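Have a look at the structure below before the remarks.
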Amino acid sequence: MNRLLHIVRFPVALVAAASLLVACSNSESPAGGDKGGDASKQITLGFSQIGAESEWRTANTTSVQSAAKEAGINLRFSDAQQKQENQIKALRSFIAQRVDVIAFSPVVETGWETVLREAKAAQIPVILTDRAVQVSDESLYLSLIGSDFVEEGRKAGRWLTEYYATGAGKDVKGEIKIVELQGTVGSAPANDRKKGFAEIIGADERFKVIRSQTGDFTRAKGKEVMEAFLKAEGRNINVLYAHNDDMAIGAIQAIEEAGLAPGKDIIIISIDGVKGAFEAMIAGKLNVTVECSPLLGPQLMEAVKKVAAGETIERRIVTEESVFPMETAAEVLPTRKY
Ligand code: AHR
């Protein structure tokens, strides 16, 4: 869906153009910025973050904050502590403050229609980062910048089917029993990663998901739910598929406490590619992580500047990502930025 969206020229376009002119004749930087010229003409971006539920999210927050500073954009940042109601309040507050652009990473997919209509009525453009929303009117947001979560789920599924196809895990007779730790209920990455993985493993009847429950993308919940899986299934589990690294790391603790060897007795696949996952892979406790980059700040600021200048931006900006099996971890870890 790489079509271009033509944006109505919001009043901020004029302001941004004026800022550029001022910047040419004024070497003074606005607070924390460099190229904005007169502080009163700086672009103001309201950003509503989901929370701080994972190592990924922390890296994403840092990326947005440092990129805003670098771009000379005045960032109004709000942390929703993983609650949709807090995000809606933050968006309403940005509308009341008449920020130039709103960006947010929606905790769940549904329930945004009303507040996005309010932003549209106020002529404040909205950009989504990281996660998608389901709305009946596509004009309620300009662009989504972030990963293809369905493809991440497929990559996880492909790694698993190839792992068994090469003869690894040949001691497993009959069905390959998988437990799944899902992300936050109703969130785009949880829905899409489940879907992509199911699509791939569904083509081979040996693979069976025997239990699937949310761990809310956190280590604590990942551990708790894995404990429940182990209690119910004992040694019957061959594979854990976790929708993020934090839940996998929590689950690794539960598996060790149950007297099993993570990465050997239970094959573990997760998503994100945070440093903690690389450390777990080097220790032989995690088999593979599918990359999901949180470093969206620079792309977001570029898009914000274009929107503020009345330029068109792409409707969908997809991040390029890799897959890192444990064998590559020691070599790759020193190059990781999050
Ligand atoms: O939306 C991206 C997901 O949210 C990441 O995979 C997860 O770690 C985060 O909490």
Exercise. Assuming R0 = 51 Å, can you tell me the calculated FRET efficiency for the pair residue 264 and residue 311, based on Cβ-Cβ distance, to the nearest 0.05?
Key: 0.45
Quiz item: What is the set of long-range amide H partners of residue 244 at a cut-off below 5 Å, with H atoms built 1.01 Å from backbone N?
Solution: 271
Quiz item: Is the stretch 149-292 rounded, prolate or oblate when judged by the Cα gyration tensor, a ≥ b ≥ c being the square roots of its eigenvalues, rounded requiring a/c under 1.5 and prolate requiring a/b larger than b/c?
Solution: rounded
Exercise. For the stretch 231-322, run through the GluC sites (Glu not before Pro) and keep only the ones in DSSP coil with at most 13 other Cβ atoms within 10 Å of their Cβ.
Key: 320
Quiz item: Which pairs break 25 Å Cα to Cα here: 208/264; 194/337; 83/264; 155/208?
Solution: 194/337; 83/264
Practice problem: Indicate, rounded to the nearest 5 percent, the antiparallel portion of the DSSP beta bridges found entirely in the chain. | Solution: 10
Quiz item: For the chain, what is the mean residue ellipticity at 222 nm derived from helices alone (per DSSP H run of n ≥ 4: -39500 (n - 2.57); sum divided by total residues; nearest 500 deg cm²/dmol)?
Solution: -13000 deg cm²/dmol
Quiz item: the stretch 97-153 to the stretch 169-243: how many Å between their Cα centroids?
Solution: 29
Quiz item: Rounded to the nearest 20 Debye, what is the dipole magnitude of the stretch 149-292 about its Cα centre when Lys and Arg each give +1 and Asp and Glu each give -1 at the C-beta?
Solution: 280
Practice problem: Give me the orientation-averaged projected area of the Cα convex hull of the chain, in nm², one decimal. | Solution: 17.7
Quiz item: How long is the gain from residue 333 to residue 121 if the chain were fully straight, where each residue apart is worth 0.36 nm and the alpha carbon distance is subtracted?
Solution: 71.6 nm
Exercise. Could you please report the charge total around residue 280, scoring K, R as +1 and D, E as -1 over all other residues with beta-carbon less than 12 angstrom from its beta-carbon?
Key: -3
Self-check item: Extended-chain gain in nm, criterion 0.36 nm per residue less alpha-carbon gap, residue 302 and residue 138
Solution: 56.9 nm
Practice problem: Report, in degrees rounded to the nearest 10, the 0 to 90 angle that the Cα long axis of helix 219-233 makes with the longest principal axis of the chain. | Solution: 30
Quiz item: List the trypsin sites (Lys or Arg not before Pro) in the stretch 262-338 that DSSP assigns to loop (not H, G, I, E or B) and whose Cβ has at most 13 other Cβ atoms within 10 Å. Which are they?
Solution: 264, 337
Practice problem: Read phi for every residue in the stretch 130-135 and hand back ³J(HN,Hα) as whole Hz from Karplus 6.51 cos²θ - 1.76 cosθ + 1.60, θ = phi - 60°, with x for Gly and Pro. | Solution: 6, 10, 8, 10, 9, 9
Practice problem: Kindly write out, for the stretch 200-207 in residue order, the coupling ³J(HN,Hα) from the Karplus curve 6.51 cos²θ - 1.76 cosθ + 1.60 (θ = phi - 60°), rounded to whole Hz, with x marking Gly and Pro. | Solution: 6, 6, x, 7, 10, 5, 5, 7
Quiz prompt | Whole-Hz couplings from phi, Karplus 6.51/-1.76/1.60, listed for the stretch 168-178; x for Gly and Pro | solution = 5, x, 5, 6, 7, 9, x, 5, 9, 8, 10
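No lab work stands behind these numbers, since they all come straight from the coordinates. All values reported here derive from a predicted model rather than from experimental measurement. Positions of Cβ are backbone-derived with ideal geometry, glycine not excepted, and every protein chain shown enters the neighbour counts.
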